[in-house]
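**Q** The structure's right below; bear with me while I get my questions together.
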Amino acid sequence: MGLGIGGTGAARYFARLGARVTVTDKKSTKELKPFLRKLTGLPIRYVLGKHRAHDFIDTDLVVYSMGLRAKYKHLEDSPYLHAAIKHHVPLDTDIGIFFESVPREQIIGVTGTRGKSTTAALIAAMLKTKYPKTVLAGNIRTSVLEALPKIQKENFLASPKLQRSAGRLRSKNNFSPVVLELSSWQLEGLAQYKKSPHISVITSIFQDHLNTYKNIHEYLEAKKNIFRYQKKGDYAVLNDSLKQHPEFKKPCGQAKRLLVSWRTTPHWAASTLMLPGMHNRSNLAAALAVAQLYRIPKPNILHALKTFRGLEGRLEYVGVKRGVKFYNDTTATAPDAVIVGLRSFARTDRVILITGGVDKNLDYRPLADFLAACPPKAMVLLPGTATDKLHKHLTANSKQQIATSMHEAVRCAWHIAKKGDTILLSPGAASFNLFKNEFDRGEQFVHEMQKLKT
């Protein structure tokens, strides 16, 4: 149910196993064309532009998209999943199926409100220098089920008992660690199996997704699934900033807890990392902790850091025109993330901020206070309920312009900018009123930047 990246990977995986697969999505064939192209030639039945209740009843398994949790507070709020539950049809996710199929001893899970994608990618880059068959997947625009056949072929012959200790791994040719970026919604789906990764990492916690969680406590409980079921011999790597949350003061499960901080990051590593901001030093600290558990040599780590360029949409430098730099931070979907992004620049008064979008029931007063204390040169506001909330708290003298599209937003920012300025897309909100998703928003920003005439 739902033909995004995860849905496409699940459909292809089960079709190749010989299952009778039905793909259903309310979007039209035209909207789903990029995903359908990836399934060409496979024996799949499609129900597009609608859902039908009987498709969810007359089946052995429903694999649902994480996008549903962005829409519904509870899965049973969907009438179609409610029909499946009522008729005792099991529900699952691609992550749940993956954890049932791969020994958890080879899985490194990474979560957090911010930094999980960059940290997961950094970990994978470091591990690949020693274990070339390292896999990076999860909530990072790569379906875990796409990687599953390869992992089965390479690793299922190895005894999980020989892989329990990261320091006693077998031959580097025989072992491929799996680094998974995991969202709170994916961790909810994983909880039904009472399994957690062998090594779990939590990068940061800010308020987020409060449109689908009752409160911050419920959101934190979902995040805690990443180490809730860990066992003796496992590791939980936590940023020391999490100590402010009572939920993280006591470790769950039997894992050994490792606290990391940007303050303790060795200079040789911090000076080599080419990503801006203290938050990226925190991400680096967590990645180094995992690399040390796997005994990655220092020269290997340095090589990984020198070649690591960051990820799409995460404070991503996308170019310069007429002396004006452009940064795409479209994955900043909460107000705290905007603050983190702005702090990465030495002078906020040289930043033109494109922000705003759809509210997730978050508090925008702290962002407004930060913008008053460290005002950007100007702000261009995209329409949406989050923008409305932010606008109420902004000071009257803040320089604001309203745009109705990314085309208009980039041009507004461009007309204000002078040589030495930075145009930063950091929305602090969801994207669904104007864009397909947050990555479509970022891609439109980059496209509009490229069209500008110098």
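The values are calculated or read from the model by the stated rules, or taken from the named source; none is laboratory data. Values in this document were obtained by computation on a predicted structure and should not be read as measured data. With ideal geometry, Cβ positions are generated from the backbone for all residues, glycine too; neighbour counts draw on all protein chains shown.
**Q** Scan the stretch 287-308 and give yes if some residue there is within 24 Å of ILE216 (Cβ to Cβ), not hydroxyl-bearing (Ser, Thr, Tyr) and not in a strand (DSSP E or B), otherwise no. Talk me through it step by step, then tell me what you get.
**A** Kept after step one, since they are within 24 Å of ILE216 (Cβ to Cβ), are these residues of the stretch 287-308: none.
No, because not a single residue in the stretch 287-308 is within 24 Å of ILE216 (Cβ to Cβ), not hydroxyl-bearing (Ser, Thr, Tyr) and not in a strand (DSSP E or B).
**Q** Could you tell me whether any residue of the stretch 439-447 is at pLDDT 95 or above, within 16 Å of VAL338 (Cα to Cα) and not hydrophobic (A, V, I, L, M, F, W, C)?
**A** Yes, some residue in the stretch 439-447 is at pLDDT 95 or above, within 16 Å of VAL338 (Cα to Cα) and not hydrophobic (A, V, I, L, M, F, W, C).
**Q** Anything in the stretch 315-330 that is surrounded by fewer than 24 Cβ atoms within 10 Å (Cβ to Cβ) and under 16 Å from the mean Cα position of the chain (by Cα)? List them, or say none.
**A** GLU316
**Q** Within the stretch 326-360, how many residues are charged (D, E, K, R) and either at pLDDT 95 or above or touching a strand residue (DSSP E or B) at 6+ places or on another chain (Cβ under 8 Å) (or both)?
**A** Residues flagged as charged (D, E, K, R) and either at pLDDT 95 or above or touching a strand residue (DSSP E or B) at 6+ places or on another chain (Cβ under 8 Å) (or both) within the stretch 326-360 amount to 4.
**Q** Sticking with this structure for a sec: Tally the residues that are over 20 Å from ALA430 (Cβ atoms) and either free of Cβ contacts under 8 Å to residues at least 12 places away in the same chain or surrounded by 19 or more Cβ atoms within 10 Å (Cβ to Cβ) (or both), restricting the search to the stretch 349-374.
**A** Residues in the stretch 349-374 being over 20 Å from ALA430 (Cβ atoms) and either free of Cβ contacts under 8 Å to residues at least 12 places away in the same chain or surrounded by 19 or more Cβ atoms within 10 Å (Cβ to Cβ) (or both): 3 in total.
**Q** Then there is this: Out of all the residues in the stretch 433-444, which are hydrophobic (A, V, I, L, M, F, W, C) and either on the phi > 0 side of the Ramachandran plot or not in a helix (DSSP H, G or I) (or both)? Show your work before the answer.
**A** Applying the first criterion (hydrophobic (A, V, I, L, M, F, W, C)) to the stretch 433-444 yields 434-435, 439.
Matches in the stretch 433-444: LEU434, PHE435.
**Q** Same structure, new question: Working only within the stretch 385-432, note down all residues that are assigned to a loop (DSSP other than H, G, I, E, B) and under 19 Å from ASN211 (Cα atoms).
**A** Going residue by residue through the stretch 385-432, those that are assigned to a loop (DSSP other than H, G, I, E, B) are 394-399, 403-405, 417-421, 426-429, 431-432.
Within the stretch 385-432, PRO427, GLY428, ALA429, SER431, PHE432 meet the criteria.
**Q** Quick check on my filter: what residues within the stretch 121-171 are modelled with pLDDT under 85, over 24 Å from the mean Cα position of the chain (by Cα) and under 27 Å from LYS306 (Cα atoms)?
**A** Within the stretch 121-171, ALA166, GLY167, LEU169, SER171 meet the criteria.
**Q** Here's another thing I want to ask about it. Give me the helices (runs of 4 or more DSSP H) completely within the stretch 207-271, filtered to those with at least 1 residues that are in contact with a His (Cβ under 9 Å, 6 or more places away or on another chain) and touching a residue at least 24 places away in the same chain (Cβ under 8 Å), ordered by residue number.
**A** 216-223
**Q** Looking only at the stretch 195-224, which residues are among the acidic types (Asp, Glu) and more than 19 Å from THR385 (Cβ to Cβ)?
**A** GLU218, GLU221
**Q** Within the stretch 184-212, count every residue that is of a type in the set (Gly, Ala, Ser), surrounded by 23 or more Cβ atoms within 10 Å (Cβ to Cβ) and within 13 Å of the chain's Cα centre (by Cα).
**A** Of the residues in that region, 1 qualify.
**Q** In the stretch 116-125, how many residues are crowded, with 24+ Cβ neighbours inside 10 Å and either in contact with a Phe, Trp or Tyr (Cβ under 8 Å, 6 or more places away or on another chain) or among the β-branched types (Val, Ile, Thr) (or both)? Write out each step before concluding.
**A** Of the residues in the stretch 116-125, the ones crowded, with 24+ Cβ neighbours inside 10 Å are 116-120, 122-124.
Imposing the further condition that a residue be either in contact with a Phe, Trp or Tyr (Cβ under 8 Å, 6 or more places away or on another chain) or among the β-branched types (Val, Ile, Thr) (or both) reduces the set to 118-119, 122-123.
Total satisfying the criteria: 4.
**Q** Identify all residues within the stretch 281-299 that are in contact with a helix residue (DSSP H, G or I) (Cβ under 7 Å, 6 or more places away or on another chain), over 10 Å from ILE123 (Cα atoms) and not hydroxyl-bearing (Ser, Thr, Tyr); write none if there are none.
**A** Listed by number, the residues that qualify are ARG281, ALA285, LEU293, ARG295, ILE296.
**Q** Which ranges mark the helices (runs of 4 or more DSSP H) fully within the stretch 19-91 that have 2 or more residues being small (Gly, Ala, Ser) and under 28 Å from the mean Cα position of the chain (by Cα)?
**A** 67-71
**Q** Just to be sure I understand, how many residues within the stretch 1-44 are surrounded by fewer than 11 Cβ atoms within 10 Å (Cβ to Cβ) and farther than 23 Å from PHE98 by Cα?
**A** 6
**Q** Could you list, in sequence order, all residues of the stretch 269-279 that are at pLDDT below 90 and of a type in the set (S, T, N, Q)?
**A** Of everything in the stretch 269-279, nothing turns out to be at pLDDT below 90 and of a type in the set (S, T, N, Q).
**Q** Scanning the stretch 10-25 for residues that are out of contact with any strand residue (DSSP E or B) (no Cβ under 8 Å at 6 or more places or on another chain) and in contact (Cβ under 8 Å) with a residue 12 or more places away in the chain, which turns out nearest to ASP92 (Cα to Cα)?
**A** Applying the filter and picking the extreme gives TYR13.
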